[in-house]
Amino acid sequence: MRSTAAVEAVAELGSLGGGIQEAHVKHLDAFVWKRRNVLAGLPLAAALASTWHEVEADVVLWPLAVTLVGLGIAIRTWASRHCWYAQRRPHSLATTGPYSFVRHPLYIGNLLILAGATVASEVVWLLPLAIGWAFFVYARVICHEERQLAARYGEAWLRYRNHVPAWLPRHRLAARQSRQVAERAGHLLAACMRQGLNFLILVPFVIKELNVFGLWHL
């Protein structure tokens, strides 16, 4: 009897410890979610300040940077439109457009924009570190958001999660047809203009490249 009681006590303590650990993880994820874009962009501060081992290949790096940022903006614009349409319907998930291929296209767009800004800094060696860090941040953000989605949408969310990957589309999804949605030209133009402001992320690196204020020792 004593041994059984001891085993039960140990199991209860283990369950309690697991519950406390899970609560700490949820608290951490909520903290990261609130500050997600600032945290994800922290390596850009180092990229802006540093000139160590810069790659002087403007004819390659700047077109690549603009392409990456432009692609990120295009994905974010596409995703924001379909997310907006879903929000107009009560208790409806965004499952069309890019959401039919991956669950978090907005964060994929963010990663591309961050990659473009890092390339524009010419501190190319920082690129894998910047993307790796941003991916870690957004992975914690996704954990927080998906708990909220599961609580809000229940079975609909579970079905969607089981069929659509978080980051990389499966080959079988590549041929999936997105639901056709009639979009007003004015709304689409407004979305493009809002997302186009993300190009401003390149401005500090243009200033750095031109050394406008003489702050960088080239």
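Counted by Cβ distance under 12 Å from Glu54, the other residues give a net charge of -3, where Lys and Arg count +1 and Asp and Glu count -1.
I need the peptides 63-70, 103-110 ranked by packing, meaning the mean over residues of other C-beta atoms within 10 angstrom, with the highest value on top.
Packing proxy ranking, top to bottom: 103-110, 63-70.
What length, rounded to one decimal in nm, is gained on full extension from Phe136 through to Glu56, with 0.36 nm per residue of separation minus their alpha-carbon distance? Intermediate values should be presented prior to the final figure.
Details: separation 80, 0.36 × 80 = 28.80 nm, distance 2.92 nm.
Here the answer is 25.9 nm.
What FRET efficiency comes out for Val124 versus Arg35 if R0 is 45 angstrom and r is the Cβ-Cβ distance? Round to the nearest 0.05.
It comes to 0.95.
Evaluate E = 1/(1 + (r/R0)^6) for Asn211 and Leu42, where r is the Cβ-Cβ distance and R0 equals 22 Å; express this FRET efficiency to the nearest 0.05.
Working: r = 23 Å, r/R0 = 1.06.
So the FRET efficiency works out to roughly 0.40.
D by Stokes-Einstein for the stretch 96-159, Kirkwood Rh over Cα pairs, 37 °C, 0.692 mPa s: 246 µm²/s. Expressed as a fraction of 2.2 N^0.38 Å, the C-alpha radius of gyration for the stretch 24-109 is 1.45.
Just so you know, all these numbers are worked out from the coordinates, no wet-lab data involved. Model, not experiment: these values are computed from the prediction. Heads up, the Cβs are rebuilt from the backbone with ideal geometry, glycines too, and the neighbour counts pull from every protein chain shown.
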